[in-house]
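For reference, the structure is listed below as structure tokens.
The values are calculated or read from the model by the stated rules, or taken from the named source; none is laboratory data. Values in this document were obtained by computation on a predicted structure and should not be read as measured data. We place every Cβ from the backbone using ideal geometry, glycine too, and count neighbours over all the protein chains shown.
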There are 2 protein chains.
Amino acid sequence: MTGQQLYENIRRKKTFLCVGLDTNTEKIPQHLLQDEDAVFTFNRAIIDSTQQFCVAYKPNLAFYEYMGTKGQAALAKTVAYIRTNYPDQFIIADAKRGDIGNTSAMYAGAIFDTAGYDAVTIAPYMGEDSVKPFLRAGKWAILLALTSNSGSQDFQMTEDAAGERLFEKVLRISQQWATEDNMMYVAGATKGKLIADIRKIVPNHFLLIPGVGAQGGSLEETAEYGLNSRCGLLVNSSRQILYADSSQYFAEAAKTEAARVQNKMSQYLKQIG
Amino acid sequence: MTGQQLYENIRRKKTFLCVGLDTNTEKIPQHLLQDEDAVFTFNRAIIDSTQQFCVAYKPNLAFYEYMGTKGQAALAKTVAYIRTNYPDQFIIADAKRGDIGNTSAMYAGAIFDTAGYDAVTIAPYMGEDSVKPFLRAGKWAILLALTSNSGSQDFQMTEDAAGERLFEKVLRISQQWATEDNMMYVAGATKGKLIADIRKIVPNHFLLIPGVGAQGGSLEETAEYGLNSRCGLLVNSSRQILYADSSQYFAEAAKTEAARVQNKMSQYLKQIG
């Protein structure tokens, strides 16, 4: 999917919500576990009930790898289901991958070709040749810049001799490798004003914002500091939507929660025109 | 596996070789492709013919993810095969994982419990809470410090105001979280004398050294700068062993190559006593 297509979806649907499919069998409604294919059944219900309120889905691969080959199969089925039924959805593999060049090329093949995702999150530690294999027309590398967790303080905030913080260097240097049409950045929403610092370096790139909701980030602050003239944000919510209710009405509750977030987002989008 | 057990295996077998199972269907002997289970058949032959010369195996997960669910199944079968037939082998998931705390816990479960590895490579960018879930008694987090690729220059060598390079900070800070008995470090063998800089900071930890062989690193230099009084090294070789020959005699050629490396290693071990 191109950036232009993604912008059009955002404008048309009046939302920049990404639903994180972090499906955990300990947290899904327990009556579903009687179903042989519980993970896919849960995902399908969540997708059907939230798709009108979001422009993207983001399964975190850890949750499926935890379930072994059965989890991998449920994930593949989920991606195929979105692709077939809701072809305008942008699908992100939240995988935090990155390896030496020839190995990153295998990951890129696994994620873009074998599994059919539009985008993948990438860790920047190994530098240029670990990222470049993910840069393709119509596909996206989403590079970790500033993450939403407490550990982001350990290395990402380290200043070099010139006062540049590591996450700022990642933003600056990676622009030499990629464009606004094949790279996005992860910017943790628990960081409020730091998103403004990020916007100074990458005014036009899409930012993927995790951490709104369960992790404590604020949608208001994210919109205030992160929106650019074309939107430029994908804001992820996982647990708050997926586990809004644990009864047989979980899908309706997820729909209500997604609609609530979409409604707020539509107002922010109105403000930028 | 504890560090003590690993040291005993090294001493007994007179080798610190780790064989990287980066199995690529484009590179394995093409006659094997007639076999429905070609990847496992290849791995089993490589393992049977190299196991006496090495103490560890390290599948890189990218190569198996590239093959989709079928690749995942071949990998699970490979790990089970090693575990059952050669229980003294140390098995490393080369996965470069790392995510926020609750997600890293899922990866740890996937790798240690579901798949049954002894160790996993971890990217440090997301800091403490992304690494801690991998720290368990008898299991190992192998943190990327200095990698063997050209991109290691981009961020890992960045000096802070006090002149400390990022890879040095990673080595120093991560010792506050972990011990010599649950953490190792990746130190690229293409970096010669930099391994000596690493040894100053982590004199007693195990170092996992990729990049010897196809990537151009030298075993001599690695041994010179990396060995400590108890050995403290696992040196990985992948392509040079796996693809030593592409005929029906590939396993014998792999054996010859592994034996050649083991023979050199036994001499270095003799020097440290």
- Message: Considering only residues that are under 18 Å from residue A:226 (Cβ atoms), in contact with an Asp or Glu (Cβ under 8 Å, 6 or more places away or on another chain) and surrounded by fewer than 23 Cβ atoms within 10 Å (Cβ to Cβ), which ones fall in segment A:173-192?
- Response: A:192
- Any chance segment B:143-152 includes a residue that's touching a Leu at 6+ places or on another chain (Cβ under 8 Å), surrounded by 24 or more Cβ atoms within 10 Å (Cβ to Cβ) and facing chain A (nearest Cβ under 7 Å)? yes
- With the first residue restricted to segment B:122-137 and required to be over 18 Å from residue B:155 (Cα atoms), and the second required to be assigned to a helix (DSSP H, G or I) and among the aromatic types (Phe, Trp, Tyr), Cβ contacts under 7 Å at 6 or more apart or on different chains are B:136/B:112
- Note on the structure: Note on segment B:8-20: residues touching a residue at least 60 places away in the same chain (Cβ under 8 Å) and over 18 Å from residue B:236 (Cβ atoms) are B:11
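Out of curiosity, is residue B:195 among the β-branched types (Val, Ile, Thr) and either at pLDDT below 95 or surrounded by fewer than 21 Cβ atoms within 10 Å (Cβ to Cβ) (or both)?
Values: among the β-branched types (Val, Ile, Thr): yes; either at pLDDT below 95 or surrounded by fewer than 21 Cβ atoms within 10 Å (Cβ to Cβ) (or both): yes.
Yes, satisfied.
How about segment B:202-273: which helices (runs of 4 or more DSSP H) wholly inside it have at least 2 residues that are more than 24 Å from residue B:95 (Cα to Cα) and over 19 Å from the mean Cα position of the chain (by Cα)? I'd like the intermediate steps shown before the answer.
Working: elements: B:219-226, B:239-242, B:250-272.
Here the list reads B:250-272.
Answer yes or no: is there a residue in segment A:213-229 that is closer than 30 Å to residue A:25 by Cα and touching a Pro at 6+ places or on another chain (Cβ under 9 Å). Spell out how you get there, then give the answer.
Of all residues in segment A:213-229, those closer than 30 Å to residue A:25 by Cα come to A:213-219.
Pick out the ones that are also touching a Pro at 6+ places or on another chain (Cβ under 9 Å) and you get A:217.
Scanning segment A:213-229 turns up at least one residue that is closer than 30 Å to residue A:25 by Cα and touching a Pro at 6+ places or on another chain (Cβ under 9 Å).
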- Message: Just checking: which of the helices (runs of 4 or more DSSP H) contained wholly in segment B:33-142 hold 3 or more residues that are buried (at least 21 other Cβ atoms within 10 Å of the Cβ) and more than 7 Å from every other protein chain (Cβ to nearest Cβ)?
- Response: B:38-50, B:68-85
- Item | Those residues of segment B:157-176 which are more than 7 Å from chain A (Cβ to nearest Cβ), without any contact (Cβ under 8 Å) to a residue 12 or more places away in the chain and touching a strand residue (DSSP E or B) at 6+ places or on another chain (Cβ under 6 Å), in sequence order | B:157, B:165
- Query: Has segment B:52-70 got at least one residue that is under 18 Å from residue A:68 (Cβ atoms), more than 19 Å from the chain's Cα centre (by Cα) and polar (S, T, N, Q)?
  - Reply: yes
- Note on the structure: Residue pairs qualifying under the 7 Å Cβ cut-off, at least six apart or on distinct chains, with the first in segment B:21-35 being closer than 28 Å to residue B:90 by Cα and the second being among the hydroxyl-bearing types (Ser, Thr, Tyr) and assigned to a loop (DSSP other than H, G, I, E, B), are B:22/B:238; B:27/B:243; B:29/B:246; B:29/B:247
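Within segment A:16-32, track down each residue that is under 14 Å from residue A:64 (Cα atoms), part of a loop (DSSP other than H, G, I, E, B) and not hydroxyl-bearing (Ser, Thr, Tyr).
Step one: of segment A:16-32, the residues under 14 Å from residue A:64 (Cα atoms) are A:20-28.
From the residues that got through so far, the ones that are part of a loop (DSSP other than H, G, I, E, B) too are A:22-28.
If the condition is that a residue be under 14 Å from residue A:64 (Cα atoms), part of a loop (DSSP other than H, G, I, E, B) and not hydroxyl-bearing (Ser, Thr, Tyr), then A:22, A:24, A:26, A:27, A:28 are the ones that fit.
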